[in-house]
Amino acid sequence: MNILIINSAPYTSDFVDPIKDTLNKNAVNFKTVNYNNIPFYINNYNGIIISASPMGDDIVGTQLPYYEWIKKSDIPILGICHGHHIIGVLHGSELIKNTQQEEGICLIDIMRDDPIFAGFKKTMIVEQHHNKSISLPLNFILLASSDKCKVQVIKHKIKPVYSVQFHAEKYPEILFNFLKII
């Protein structure tokens with residue numbers, strides 16, 4: 001298996017290092033690139049993980065052009081926090097600022113059974129650091145929600161594209177489940 005990790009915050013490795021650690025511990029081959037240096041040969045990868053970015057960054061609009069390829073891709077993708085926003089906005093979501101902010105440890109409710117949640121109960125305690133969220137994009141299914149943030153976890157209706165609002169890089173089980181989906 002060969003995974004591409006896209007760093008949405010190239011000035012820090014805080015969000016990609018936990019992903020790299022998880023993949024290293026499981027002998028998964030991977031390459032890490034910055035969002036503005038995505039290789040044209042992405043079809044050589046079995047899956048792609050798009051990292052989070054620091055809370056308060058207002059970079060979705062400036063980074064969107066680098067991710068247009070997602071709309072045409074059939075490669076399994078997992079977007080985390082900022083990656084969640086990128087995937088959502090590319091598929092027609094509204095980017096919601098400040099009204100659904102979550103900080104720290106929060107509870108999310110799993111609304112649908114899905115392989116991404118294998119081994120989890122109907123609720124999860126997760127770490128959140130966001131002041132932006134998204135509305136549910138067209139052709140996506142809502143998988144999990146929280147009291148403050150309605151769209152926590154989504155999945156494309158046809159393609160193997162997932163995105164999560166919470167910091168999944170801190171939960172190796174979610175990353176393992178994504179690898180199993182691939």
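Since every read-out is calculated from the coordinates, none of them should be taken as a lab result. Being a predicted model, the structure only gives us computed values, none of them experimental. Cβ sites come from the backbone with ideal geometry, for glycine too, and all protein chains shown count toward neighbours.
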Item to check | Global form of the stretch 1-137, assessed from the alpha-carbon gyration tensor, a/c cut-off 1.5 | outcome: rounded
Checklist entry - Add -39500 (n - 2.57) for each DSSP H run of 4 or more in the chain, then divide by its residues: what number comes out at 222 nm, to the nearest 500 deg cm²/dmol? => result -4500 deg cm²/dmol
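Could you put S53, S73 in order, starting from the residue whose Cβ has the fewest other Cβ atoms within 10 Å? Before the final figure, lay out the partial values.
Details: S53 26, S73 16.
Taking fewest neighbouring Cβ atoms as first place, the list is S73, S53.
DSSP loop (so not H, G, I, E, B), at most 10 other Cβ within 10 Å: list which chymotrypsin sites (Phe, Trp or Tyr not before Pro) in the stretch 1-97 pass both filters.
Numbers: sites: Y11, F15, F30, Y35, F40, Y41, Y45, Y66, Y67, W69; in loops: Y11, F15, F40, Y41, Y45.
When the chymotrypsin sites (Phe, Trp or Tyr not before Pro) of the stretch 1-97 are filtered for loop state and at most 10 Cβ neighbours within 10 Å, Y11, F40, Y41 remain.
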Checklist entry - Which entries in K71/K150; K71/K148; K25/K72; K72/K122; K97/K155; K150/K170 show an alpha-carbon gap greater than 25 Å? => result K71/K148; K25/K72; K72/K122
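Once you charge only the Cβ atoms, +1 for Lys and Arg and -1 for Asp and Glu, what is the size of the charge dipole of the stretch 2-181 about its Cα centre, to the nearest 20 debye? Show your work: numbers first, answer last.
Numbers: 17 positive and 17 negative charges, 105 e Å.
Roughly 500 debye for the stretch 2-181.
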Checklist entry - In which sequence would M124, M111 go, from the one with the fewest C-beta neighbours within 10 Å to the one with the most? => result M111, M124
Next on the checklist: Counting other beta carbons within 10 Å of each residue's own, what order do C81, C106, C149 fall into, fewest first?
Outcome noted: C106, C149, C81
Checklist entry - Which percent, nearest 5, of DSSP beta bridges in the stretch 1-157 are antiparallel? => result 60 percent
